[in-house]
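Reviewing the structure listed below.
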Amino acid sequence: MNMSRRQVLLLLPAAAVAWESILAGTPEASPNYKLTEHWWGMLVDISKCIGCGNCVRACATENNVPEGYFRTWVERYHVSDFNQAEPVVDSPDGGKEGFPPMLEEGGKNFFVPKMCNHCADSPCTQVCPVGATFISPDGVVLVDKQYCIGCRYCIQACPYGCRFLNPKTETAEKCTLCYHRITKGLTTACCEACPTGARQLADLKNPSDPIHEFLRTHAVQVLKPHMATGAKLYYNGLDGSVR
Amino acid sequence: MTIEPAQEGSGRVEDRADGDGAAMNRFKDAEHLFRVALVFAAGALAFVVVRAILVPKSFGEYGHYRGTAIAEIAAQPVVFAGHESCETCHPEVPAVKNKGKHAKVNCEACHGALAKHAEDPGTVEPAKLETAVLCVKCHSKNGAKPEGFPQVDAKEHSAGLACDTCHKPHSPVIGAGGKP
């Protein structure tokens, strides 16, 4: 093959780019899953939650969550007719084994399942000093266990109290939105185990996902909207007293 | 601003001093600068080399984090098989269940996580369920539950009898029929 010096020089940058892409490899676990084609969130319908604790148990089983810590939990609210600004909230063992009968009489009573809001502008990823926590290209806030130094900044930064330090690994831990499941086409463990459909995984980039129809036709709210976290945990029927 | 070209033999500090001494001073200064530059160059080289060794290859692939962490997290094993897996081998259950009140209750909501059973149905058997314990987890009376949701005081309702004495779990309304 005859090539002039000029032709070789012109081809060099292209060859370098090709070599770099070979070195980088393909990091995705599921061959048909494309990071750029999804933007994950979740819908919680408070009017459907019965406080059975199935989601809390399922999450702990699926993700090996240490005893006494929660990636998701359920709170019970009692809002009295006379003091709506200060609701009585209880969550015995995160609601894992359900709830005892109400002590208070009357008022407004309901359950609120909680978990990571997978914020699009998450405060927790902004404070990480080592790049151990991040928002994946498909909108899930994750923790790199190998990189986490256990400084706990992110735990303090989360306005929703969704993170904890794993006592064994000494690294920050949180809901991964069952990333190992949703990348395989399954729903999250909590959604799978919810008997009433109060939780629905939502892919906001998928035009045929029922979330779009739901958001259009219902009064849906996120927690602490004034903090502008870009939360993607959408609540239907959220009472103003919920913090 | 313009800088006037320095004229030979005028204005420069070292040229004002006398003869040999001035030439030696100039040489010494140059060596100092050369040493400092060498230290800086060595430091910069060490920084680049150490950084290349310490920073993982995939860092910065998608953002300020290790790109391969995404695949590592996605590699975690699945524990709940998902109702689609169950229904491939047990199609008779959804045939009954989807007509009844428990249509939206997935298999593993009651039967527990069964990915191991789905992978190896021959050796891993799902546990037998006790309805007296299981059903009340959802259906026990609680003032915070939505009003339309069927809830009972178990003692008053069945006096300790197992729920499946009367109700068939896959289609719980009495008289609705179907597999227990």
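The values are calculated or read from the model by the stated rules, or taken from the named source; none is laboratory data. What you are looking at is a predicted structure, and each value in this text was computed from that prediction instead of being measured. Please note: Cβ atoms are built from the backbone with ideal geometry, for glycine as well, and neighbour counts cover all protein chains shown. Ligands, DNA and RNA are stripped out before the accessible areas are found, and what is left, the full protein with its side chains, is counted by its heavy atoms. Shrake-Rupley method; radii C 1.70, N 1.55, O 1.52, S 1.80 Å.
Couple of notes before you dig in:
- Of all accessible heavy-atom area on the stretch B:94-138, the percent that carbon and sulfur account for (1.4 Å): 59 percent
- Surface share of carbon and sulfur [accessible, 1.4 angstrom probe, percent] for chain A: 56 percent
- Its Cα gyration tensor gives the stretch B:77-128 an equivalent ellipsoid, and the semi-axes of that ellipsoid, as √(5λ) in whole Å with the largest first, are 20, 11, 10.
- Between the stretch A:158-226 and the stretch A:64-140, the alpha-carbon center distance in angstrom: 12 Å
- Placing +1 on each Lys and Arg Cβ and -1 on each Asp and Glu Cβ, with no other charges, gives the stretch A:40-236 a dipole about its Cα centre of roughly 440 debye.
- Computed over the Cα atoms of the stretch A:159-243, the ratio of the radius of gyration to the Kirkwood radius (Rg/Rh) comes to 0.99.
- Residues considered: A:Thr169, A:Thr183, A:Thr217. Largest GNM mean-square fluctuation over chain A, using C-alpha springs under 10 Å, is found at A:Thr217.
- Between B:Phe59 and B:Gly67, the built amide H atoms are under 5 Å apart, and every one of these is 5 or more places off in sequence or on another chain.
- Among A:Ala85, A:Thr61, A:Trp73 - extreme Cα towards positive end, dipole of the stretch A:47-96, charges at beta-carbon: A:Thr61
- B/A buried area, accessible surface, summed, 1.4 Å probe, Å²: 3500 Å²
- Extension gain, B:Cys166 to B:Ala103, is 20.8 nm, computed as 0.36 nm per intervening residue step minus the present C-alpha separation.
- Using θ = phi - 60° in the Karplus curve 6.51 cos²θ - 1.76 cosθ + 1.60, the 3J(HN,Hα) couplings for the stretch A:195-212 round to x, 10, x, 6, 10, 9, 5, 10, 9, 6, 8, 8, x, 9, 5, x, 4, 5 Hz; x is entered for Gly and Pro.
- Between A:Pro101, A:Pro66, A:Pro13, the GNM of chain A built on Cα springs shorter than 10 angstrom shows A:Pro13 fluctuating the most.
- Over the stretch B:27-74, accessible surface divided per residue gives 75 Å², non-protein components excluded, 1.4 Å probe.
- Per residue, chain A exposes an accessible area of 49 Å² to a 1.4 Å probe, with every protein chain left in place.
- Fluctuation leader among A:Asp93, A:Asp121, A:Asp209 - chain A, Gaussian network, Cα springs under 10 angstrom: A:Asp209
- Delta accessible area of at least 20 Å² on complex formation, residues of the stretch B:99-124, 1.4 Å probe, chain isolated as reference: B:Lys104, B:Val105, B:Asn106, B:Ala109
- Estimated vicinal HN-Hα couplings, Hz - the stretch B:78-83 in sequence order (Karplus 6.51, -1.76, 1.60; Gly, Pro = x): 7, 10, 8, 5, x, 5
- Interface residues of the stretch B:132-159, defined as those with an accessible-area decrease of at least 30 Å² between the chain by itself and the complete set of protein chains (probe 1.4 Å), are B:Lys137, B:Cys138, B:Asn142, B:Gly143, B:Ala144, B:Lys145, B:Pro146, B:Phe149.
- Percentage relative contact order, chain A, counting C-alpha pairs under 8 Å, at least six apart: 27 percent
- Estimated vicinal HN-Hα couplings, Hz - the stretch A:112-117 in sequence order (Karplus 6.51, -1.76, 1.60; Gly, Pro = x): 10, x, 10, 5, 4, 8
- Too-long pairs where the Cα-Cα distance tops 31 Å, listed order kept, from A:Lys145/B:Lys97; B:Lys101/B:Lys128; A:Lys174/B:Lys155; A:Lys205/B:Lys168: A:Lys145/B:Lys97; A:Lys174/B:Lys155; A:Lys205/B:Lys168
- Secondary structure note: in the protein assembly as shown, about 85% of the DSSP beta bridges are antiparallel.
- Per-residue shielding of A:87-93, expressed as the average number of other chain Cβ atoms within 10 Å of the residue Cβ, stands at 0.
- For the stretch B:51-72, heavy-atom accessible area (probe 1.4 Å) falls by no less than 40 Å² from the chain alone to the full protein assembly at B:Lys57, B:Tyr62, B:Tyr65, B:Arg66, B:Ile70, B:Ala71.
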